[in-house]
Amino acid sequence: MTIDFTIEAKDYVKTGKASSEIKLFLKKLGVNPEILRRVAVASYEAEINVTAHSNGGYVQAHIYQDYILIVFQDKGPGIPDIEQAMQPGFSTADDLAREMGFGAGLGLPNIKKNCDILYIRSAEGSSTYLAIIVFYEVNENV
């Protein structure tokens, strides 16, 4: 099963809809509430990142029997230094994002904390591709 959503740049009103729909779908499947929380946090943070930092993009949630793969792909402008962007507190959020209560620099660290596998590919001037996997079995180390 695959669920697709478009994410518009700077549209903070609709941001979170994809993450909510993904969580609701998994809940109907009977996925553990702790796993639901982790999926919701990771996908919401990524959705906010696309909204706040890109020219828009999309999310695809691929739902399998034992795990979920969520792919975010934006239209740029890319992340010049991924290692720096992964540091808690680092942010390039604009004034609008900060006025909306975002931009604390915790998006990518929270995504990493709440998923089992994270892959990110980006460069300045290009799109960003983020893939996260969360397994449905509770991992006590997360």
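Considering the range 42-95, the residues that are β-branched (Val, Ile, Thr) and within 16 Å of Ile117 (Cβ to Cβ) include one that is surrounded by the most Cβ atoms within 10 Å (Cβ to Cβ), namely Ile68. Could we say that Tyr12 is of a type in the set (Phe, Trp, Tyr), in contact with a helix residue (DSSP H, G or I) (Cβ under 7 Å, 6 or more places away or on another chain), touching a residue at least 60 places away in the same chain (Cβ under 8 Å) and open to solvent by 20 Å² or more (accessible area, probe 1.4 Å) here? Taking the combined requirement at face value, the residue satisfies it. Listed by first and then second residue, the pairs linking a residue in the range 17-38 that is open to solvent by 20 Å² or more (accessible area, probe 1.4 Å) to a residue that is in a helix (DSSP H, G or I), with Cβ atoms under 7 Å apart and 6 or more places separating them unless they lie on different chains, are Lys23/Leu36; Lys23/Val39; Lys23/Ala40; Lys27/Leu36.
Go through the range 1-119 and tell me which helices (runs of 4 or more DSSP H), entirely inside it, have 2 or more residues that are of a type in the set (Asp, Glu) and at negative phi.
It comes to 33-53, 95-99.
Residues that are under 17 Å from the mean Cα position of the chain (by Cα), modelled with pLDDT under 95, of a type in the set (A, V, I, L, M) and within 28 Å of His62 (Cβ to Cβ) within the range 98-141 comprise just one, Leu106.
The values are calculated or read from the model by the stated rules, or taken from the named source; none is laboratory data. Predicted model only: the values in this text are computed from it and were never measured. Quick reminder, even Gly has a Cβ in these numbers, built from the backbone with ideal geometry, and neighbours come from all protein chains shown. The protein model used for the area step is the full one, side chains on, heavy atoms only, and it has no ligands, DNA or RNA in it. Shrake-Rupley method; radii C 1.70, N 1.55, O 1.52, S 1.80 Å.
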